[in-house]
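Colleague: Sharing a structure, written as structure tokens. Questions coming.
The values are calculated or read from the model by the stated rules, or taken from the named source; none is laboratory data. Keep in mind that what you see is a predicted model, and the values were worked out from it rather than measured. Using ideal geometry, Cβ is built from the backbone for each residue, glycine included, and neighbour counts are taken over all protein chains shown. Please note that ligands, DNA and RNA were not included when accessible areas were found on the heavy atoms of the full protein model with its side chains. Shrake-Rupley method; radii C 1.70, N 1.55, O 1.52, S 1.80 Å.
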Amino acid sequence: MIYFFSTALKAFVIGGYNVLCLGLIYYAVVYYFFPKYYHQKNKYFLISFGYIVLITTIVVAGEYLSFEFFHEEGKELPPVAFLFMRLFMQFYLAFFAATSVSLMEQTTQLKENEKLLNEEKLKTELKLLKAQINPHFIFNALNNIYSLTYMQKQNAPESVLKLSEMLRYVFYDCNKDKVKLLQEIKYIENFMAFQQMKSEHVQNIQFNMGANIDSIEVAPMLFIPFIENAFKYSKIEEVEDAYVHIDIKHVHNELFFSIENSVPVTGKSIAGSGLGIKNVKHRLDIIYQDQYHLQINNNDQEYKVELVLEV
């Protein structure tokens with residue numbers, strides 16, 4: 001007949017003994033077997049199985065010893081095989097629980113490591129993308145100054161001062177992850193003034209800003225590639241009826257940037273072209289992920305970019 005505990009002392013001793021063995025299995029799996037052998041699945045399960053059999057055998061022996069020690073008339077232990085299987089299944093559940101917990105911790109750690117690696121990768125990519133901005137800007141700026149000097153323009157010295165301000169922004173402020181939108185706007189204004197210096201006629205440039213933008217921060221040099229493209233492909237410094245219109249406004253938690261420019265009769269399709277546009281798309285994917293919307297429309301008469309950022 002099945003063995004029943006008959007005294008509190010006996011229940012305490014045998015119960016405590018079983019709990020100790022469950023702990024030995026659980027912590028041995030979590031802190032030793034799993035870290036050391038789980039990458040070798042077959043070896044892990046074989047060694048763990050042997051360990052559980054060993055502990056079960058020890059507990060069964062302990063059960064019989066305790067029975068002899070606490071012997072009571074008319075009571076006996078069940079058969080060895082029955083007792084062994086009952087304890088083995090009990091300890092196997094402890095092994096299963098320990099393996100499950102270890103797997104969850106391992107998965108969590110792997111995800112955390114992957115997240116850290118991705119963050120490092122994104123930081124590296126952003127640094128490389130920023131490194132591409134500076135030479136591109138300097139090349140364009142020096143070309144502009146060369147043109148003004150070559151044509152002996154009176155405002156050539158002023159262009160050098162404008163360039164100085166723009167370089168200070170590019171090399172110092174743009175090293176930050178985010179800058180004040182007002183700093184970006186100041187750069188855009190200097191850029192537009194720079195462009196105007198290259199024409200005898202007054203260029204049709206409109207730049208409209210909304211209110212409540214003082215506290216807004218954006219990734220640096222985010223709008224410049226679109227603006228550079230607009231001036232380049234509209235040929236505004238050559239074609240008198242060409243135009244570039246820029247709008248920036250803040251509504252609720254969204255920043256709206258739009259720019260449109262005319263396309264000369266001989267103009268080519270420019271949607272998404274050039275290193276600068278690919279660069280800014282890549283930066284948007286990294287910095288803003290799914291918190292932005294970019295739309296580029298291009299036809300024979302007009303090129304338009306609309307960018308919405310959650311800020």
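Colleague: Could you grab me the full set of residues in region 162-186 that are modelled with pLDDT under 80, aliphatic (A, V, I, L, M) and exposed (fewer than 15 other Cβ atoms within 10 Å of the Cβ)?
Modeller: Within region 162-186, just L167 meets the criteria.
Colleague: Name the residue that is nearest to the chain's Cα centre (by Cα), counting only residues in region 282-307 that are assigned to a strand (DSSP E or B) and without any contact (Cβ under 8 Å) to a residue 40 or more places away in the chain.
Modeller: Y292
Colleague: Going residue by residue through region 273-283, is there one that turns out to be modelled with pLDDT under 90 and hydroxyl-bearing (S, T, Y)?
Modeller: Yes.
Colleague: Also, I was wondering about something else. Quick check: anything in region 209-218 in a helix (DSSP H, G or I) and either crowded, with 18+ Cβ neighbours inside 10 Å or modelled with pLDDT of 75 or more (or both)?
Modeller: Checked against the condition, which is being in a helix (DSSP H, G or I) and either crowded, with 18+ Cβ neighbours inside 10 Å or modelled with pLDDT of 75 or more (or both), region 209-218 yields no hits at all.
Colleague: Please tell me if E189 is closer than 19 Å to M166 by Cβ, of a type outside the set (S, T, Y) and surrounded by fewer than 20 Cβ atoms within 10 Å (Cβ to Cβ).
Modeller: Spelling it out, E189 is indeed closer than 19 Å to M166 by Cβ, of a type outside the set (S, T, Y) and surrounded by fewer than 20 Cβ atoms within 10 Å (Cβ to Cβ).
Colleague: In this structure, does K249 turn out to be closer than 27 Å to K198 by Cα, in a strand (DSSP E or B) and either modelled with pLDDT under 85 or open to solvent by 50 Å² or more (accessible area, probe 1.4 Å) (or both)?
Modeller: no
Colleague: Further, regarding this structure: Checking V244 against (1) of a type outside the set (D, E); (2) open to solvent by less than 10 Å² (accessible area, probe 1.4 Å); (3) part of a loop (DSSP other than H, G, I, E, B): exactly one of these is not met. Which one?
Modeller: Unmet condition: (3).
Colleague: Further question on the same structure: Here is a list: V202, V239, V160. Which entry is of a type in the set (V, I, T) and either touching a Phe, Trp or Tyr at 6+ places or on another chain (Cβ under 6 Å) or part of a helix (DSSP H, G or I) (or both)?
Modeller: When all the criteria are applied, what remains is V160.
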